[in-house]
Structure formats: C-alpha cells, structure tokens
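Working notes, beginning with the structure itself.
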Amino acid sequence: MRPILRKVIIWLFVCLAVFFYSVGVADETRDSTKTTGITNFLPDPPYVEGSILVQAKTEPDGSVNSLSDIHAAIGATITRDYEALGIAGLSLVALPDTISVQDAIRYYSGNPNVAYAEPDYYVSAHTTPDDPEFWRQWGLSNTGTPYKENTTPGVFGADISALSGWNETTGTDGIIIAVLDTGADIGHPDLAGNIWSMSQSGLVLHGLNALEEIAVEPWDDDGHGTHCAGVIGMIGNNNLGGAGVAWNTTIMPIKVLDYRGSGKLSDLAFGMAYATLYNASIISCSFGTEYSRTMEDIIRQSPALFVCSAGNYATDLNWIPQYPACYNFSNVMAVAATDPQDELSWFSNFGNRTVHVGAPGTDIYSTIPSGYSYTSVFEDPTFAGENFTLTGNWTRIPGTMPGEPVSLQAILRDYPDISTFVIEMNTSVDIPSEENKIPHLIWEVKGDFFGYQTIEYSNDIVNWTSLWDFDTEFHEDGWRQLFIPLNSVYTKSGFRTRYTYTLFKRDVPSDFSIRNIRIGYRGEAIKPEYQYMSGTSMAAPMVSGMAGLIKGKKPDLTAEGVKQIIMDTADPLPSLQDKTITGARVNLSAALKSLKKRDEISLFPGWNHVSIPRRLNPGYDTAQIFASVNSSGHSVLVYVNNTTGYRTLSMNDTVVPLQGYWVYSSSTMAVPVRFSDQIIPFSREIPAGWSSIGGWLETDLSAKETFHTLTAWSYATGYDALVQQYEEPIIRGGTGNQSDERPIRPYHGYWLYCSQNGTFQAGFG
C-alpha cells in the first residue's frame, strides 16, 4: 500500500528578528452622531526596568529547582510568586539598582537551574485611530441601509449573522469568558448582571485587578476593557443600549492594563493564570507585545481558547509577528477586523499563515464606563463658565498661563510663548475609610483640547506623584465625567492634587473647561454610556462571544474543537483571500447550526474500520476529512469487490454513506464530520460475496432492520479498533450473541457477506 495520508508539518515562515513596539490606548469615536473623544498616544519603554521574570528548571522527577541562592548572590528578591496559580517555579524578581535587565537575564540564563529569564515587557491594547462612524451594531446584523447620517450604506449580510444564531442560543452563565484588558465597569447597567463574582478574604470581587498588591475590584479607568466586555456580553432584551454577541453569559474582567492601555508582562501572565485557575473557557486578548516564553508556557498549558486581536498597523504578521496572536498553538486564534462593506479594515493586521479569521471591527457600538453618583469627601466647583475663573480651593501656579479669568484662545493669541497651565489645591483633604470601597478622583471636562495632561497628588506638598498622564485630545460638546480609582496610591490624610495642561499645536483651536473636581466613593450608575470604537480589539471579543456560545451548546468541545468550528463555518470573502488562513469572516449562525449536524468518527491506535451514516456537506465530503490523522504512512483504503480487492483513496475522492473505509491512526483521536442538510435517498449495489459496508442511521439499529432490503445477506462482522480484533459475527436469523437483533453501530464499518447480488437501500419504504 502506498502512503497518501502522511501528516506533514511545514514551517511556513521564519519569524524575523524585527519587531516594532508601540504602546497606545484606545483611539476612540464617541457619541452616536458626532466625532468626539479622548485620544492617547504616549509611548512607554518596551519593558519594566528593575525586574524580570525567571522560571526555574523542572527536573525529570517533577521537582522544581530552588533559586534562592541564585537570587541572594546578586541581591535580587522575589516580588510575585506564581506557584499559587499552578505555575511552579515562576517568579517576578526585583533587581538591585546596580544590575541592568540585560545583565540579569544573561546571569540567570547561564545558570543550569534556570529554564529561562526574560524582561517584564509592557503590553498595549489594540485600537486604531478614529474613522467614519457607522450605525450601531452593524456587525451583528447589517441590513445594507445607511447606519449613520451622511454615510455610505453597508453591504447586506456583511455581519456575523447574529439574529439567526440567537435562535439557537444567546448563551449560558455556566460558560466563563475572561476579558484581559483595562478592567471593566462592573456596575454598568448593561453589564452588571453578566459579571462574574467570587468571595475572597471576606470581600466579594468581580474579577482580578493584577495591577494592585491588594484585593480591589478591576474597575476600568480607560474604557477599552468595558467596550470589549460589552461586545461579548451586553445584556440583551432589557430595553437598554445594545446586545452583546453572547448576551446571556458570564464575563470575568481581568485588569492587566492601566488607564493608558499599557501594562506589564508580569501582570498579564498573572491574569492569564488566574483566568485559567478559575475555569474561564474563553480568554479574550485585545493587546499585543513581543514574544514571551512566560506567556507561551502559560497559554500552552491552559485548556482555554485564547482569542487574540491581530493588531492595527496594517502589517503582515507572517513577517512581523506579535504575540499572543502569533503563537502557533491549537488553542490560540488570531482575528483580523472587517468593515461594514465586508472588506478588510484599513488598519487591520493580516497574515495568511498567522491570522485565522476576520470579524467586524470597524465602528463597533458597545459599553464604556458609566456616569456615577458619588458620596463626596471633597467637592469644589473649581472653574466657572467657559473661561478659567478659579473659585474655591484652587490656585494657579505662578509662571504658567497668565490672567484670571483666562481664555485659552486669548492666551494662544496674546501669549505665543506660554502654553502650560497649572492649578493646585490650596489645602489638603482627609479621606475617611469606607469598608470594601475605593475612593475616586472625579472631574468633568468640556470643549476642545490637544496637548499633554498630567494629574498629580501629594501628601506632603513637597513630593508629587503622577496619577494620570498622557497626550490627550478631546472634543466634548457637553460635560463628560472622568475619574481615576485611587486604590492604594493615597493615604487617609493630607491628600491634595494638582492639574497640568500643556498645549501642543497652536494651529489647533483649544478652548476647554474643567469643573466639579471631587474626591468621593462611587455610588450608583446614573447614566449608562456607550460609544463606537474601531480596531481588532473589537473584532477579537466578537469571536470570543461566538466561542462562548459554541462552548455553551456543546460543553465537551475542546478549545481546538471550538476554534475549528469557527474556522470551518466562516464565510469566504474576496477581501480576506490570502490575508487570513481561512480567507473568511466568521458566521455565528452557521457555527451554531453546524453543532446539530456535526459529529465525530472515533479512531484508535492501529487500523480502524469506519463509515458515515449520512451524506456529508459539499466541500467537506472527501477523504480530506482524514488529513489531520497521523496515518504513519498508511493509505486510506476502500474494498471494491472480490476481484479488485482494495483501492487507495486520494484526497479528492468522495466519502459516501453505506461504504466502509479502513483508516490507520497512530493515536486515539476524533475526526469531525459535517452532515448535509439535504436528505437525499441513497443506495448501493452489493455484489455476491464479501463487501465492506456501513449503516445508515446516526444511532444504533439492528442488523435485521439495517439490511432489510438485502434478502440474501448471511453474515456481518465488525472490527473492534480498540483491541484491534474482529468481533463475533452477526448471523441472519441467529440467536444469542450472534443474533441479528444486535445493532449496527453508526460510524463503524462491517464486513457483509451476501449469497447473491442485491440493493442496499437506506431507510424504510
């Protein structure tokens, strides 16, 4: 027999040692009818100075080497141990000031007790600059009509077919989808009912804040994570906002990124391990960083499906990879973004060997942090009207923008060399402690501003520490509430703050106001907020929601199984050809419907005699279905007749019902099959002598009933692949163990002996 089904593994590309790293936060499109928002651009270094991640080597007996002496030799200390999360031997190590990150990595990597050491890389959220706004949730249901005023209509059906998919399921709270991002507005009225919770040390927490050393809620101080969480799980049918892809599901917010959309690898790794430990089935990852062995190991060991945004640099990831999207694992799925015209979004990364599918990612409507009431500890109107008339407990720092009251437009005109404006609280504030609550700094902005914004705090008036700082652009026609969770950065007494605004471009009109600066404790949500955002960051949670619905319908599916269903049922698009592995955009309806007609052929080590009980779906009905089988060089065989004997199948040969096939497998595995919706009667002419056959039902049916159209059959013998031997024969009219009341099992092949020719007909009648 000549081999035709060898499993061939080809390394399609060599990752270049070229990687550009960019850190940014959500470039956002706000409001439903106009372009507004806050855009941040501040870059960070590629990794954290002063600390690295170190993994101790595991010995053959399973023991993990101690590195305490190695740490002590250079004065390093462990600041985070991952063992409690099931990652033995992994530690975040603080370095002494005298040792650089590069030198420390060389030091640890040269020790035989160390598996690897790597920098604590910064991680950044995937977003894209503002582009045209489109009507609401076109990605779920695109009618082909204008989705926003003065825009080009979308293309009918350029969506994930959510409406049809929801006829199958809208989700189950038994499936947990973790969102690793900037946190989430866990009190948002359109999210709160779907947010995960657990009791920890007497506190009820709704996820993980990996940025803090103390147990605090994963509140979102950016908006990116709340938006991603909403794409997945906005509550549907509540007469509020929109609906998420899986609008009856459980969202686990994991805060690994700060208010700028930036983070550290150590926090990211902690979040991934946490989500795995607490049984998240799907982990949505809308961020990117450099290759990391730490992240690689955690993902490889996790049973969860990691759905990853491809990134937004219009770059081919085949040649400039980024991670986690480019880990070549069965439980990693990379997602590109599509627009309402079913085109690849202009900003989206791509890669026909690295990116699996496309999903809607341009102008996606979802939740952002709500406006909240606050119990105020400190409250001050600050500024009056449109001009900076200072009131209350505030002083303008001398040497900054002159005049009081002051108009920014007037300053730009009259004082071309002055561009910085600083105000500072005159007196300090004591912040009383409230159990299980975090104080917030709250303020409101209005108008137009393009520049650099810094907010600092102090407890002694001398030393100031940054709370919030980045390049900022905002265009707000109405007052917008902003806030910062203070968490552990404050003391309960002597707290004061100051604001610094530095204008960038004098040719960009700036005239903005700030008011109602407060410090207080969060109360009830008073105004649910929504906005449009664009990016592969929005496409990835779209697929994460799909994955959650699939997993909920069929909980026994593995991460690889869920991924394969999404890929197999995606809609081919010309714009994605040669841009993604599938060349297709995901289809929720097709994926969920496939579960009804999708089953598996079980294979065991050695030879297997198999069959299919129904016609397969066109395009999935050839010997190609066995392409993933490691056949150890053996061919797929079909028995023709007593004269010809066996024939080797080619990959293009159709696999048909009523026929038995011999398949060799080197391991235990399942081959998925997809049945056709068309119920077409089928039959097979059976010659006298021995034939290789299969049954015609997806459930057990007695041999007497299975072969009722064959009046001359005598014997039927199955093959037990598990033990690699033939079963006791079934005899027509037989009794006991050889009775023809014994079942013909679906997906199993049988040798059938007939004394004369006949027609083997599926069904009755």
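Just so you know, the Rg over Rh for segment 607-694 is 0.96, from Cα atoms, with Rh as the Kirkwood radius. Per the Debye calculation on segment 638-765 with a single equal scatterer at every Cα and no solvent contribution, log₁₀ I(q)/I(0) for q = 0.15, 0.23 Å⁻¹ amounts to -0.75, -1.67. Taking each residue as 0.36 nm, the span from Ala84 to Glu727 lengthens on full extension beyond its C-alpha to C-alpha distance by 226.5 nm. Is the shape of segment 197-239 rounded, prolate or oblate, going by the alpha carbon gyration tensor and its root eigenvalues a ≥ b ≥ c, with a/c under 1.5 for rounded and a/b larger than b/c for prolate? Since a/c reaches 1.5 but b/c is at least a/b, the shape of segment 197-239 is classed as oblate. When the listed pairs Lys551/Lys593; Lys255/Lys551; Lys255/Lys579; Lys264/Lys579 are checked against a 20 Å cut-off, the alpha-carbon distance exceeds it for Lys255/Lys551; Lys255/Lys579; Lys264/Lys579.
Working ranking of peptides 278-285, 584-591 by packing, defined as the average number of other Cβ atoms within 10 Å per residue, highest first, is 278-285, 584-591. Going from the residue with the fewest nearby Cβ atoms within 10 Å to the one with the most, Thr250, Thr375, Thr315, Thr338 rank Thr375, Thr315, Thr250, Thr338.
Can you tell me how segment 562-604 classifies by the Cα gyration tensor, rounded, prolate or oblate, using a/c under 1.5 as the rounded cut? It is oblate, given that a/c is not under 1.5 and a/b is not larger than b/c. By its C-alpha gyration tensor, with a ≥ b ≥ c as the square roots of the eigenvalues, how is segment 227-344 shaped: rounded for a/c under 1.5, else prolate for a/b larger than b/c, else oblate? Oblate, because a/c is 1.5 or more while a/b does not exceed b/c. Diffusion coefficient (Stokes-Einstein, Kirkwood radius over C-alpha pairs, 10 °C, 1.306 mPa s) for segment 528-646: 91 µm²/s, rounded to a whole number. Cβ-Cβ distance of Asn737 and Gln200, R₀ of 35 Å, FRET efficiency by 1/(1 + (r/R0)^6): the value works out to about 0.05. I'd like the Karplus ³J(HN,Hα) series for segment 701-709: coefficients 6.51, -1.76, 1.60, θ = phi - 60°, whole numbers in Hz, and an x wherever there's a Gly or Pro. Calculated HN-Hα couplings, in order: 9, 4, 4, 4, 6, 4, 9, 5, 8 Hz.
Each of the peptides 252-258, 536-542, 103-109, 575-581 was scored by the mean count of other Cβ atoms within 10 Å over its residues; in descending order, highest first, they stand as 536-542, 252-258, 575-581, 103-109.
Relative contact order of segment 598-765, taken over Cα pairs closer than 8 Å and 6 or more residues apart, is 31 percent.
Packing, taken as the mean count of other beta carbons within 10 Å per residue, orders the peptides 682-692, 357-367, 83-93 from highest to lowest as 357-367, 83-93, 682-692.
The numbers here are math on the coordinates, done by the rules we state, and not lab data. Everything quoted here is computed from the prediction, not taken from an experiment. Because the Cβ atoms are built from the backbone with ideal geometry, glycine has one as well, and the counts that use them run over all protein chains shown.
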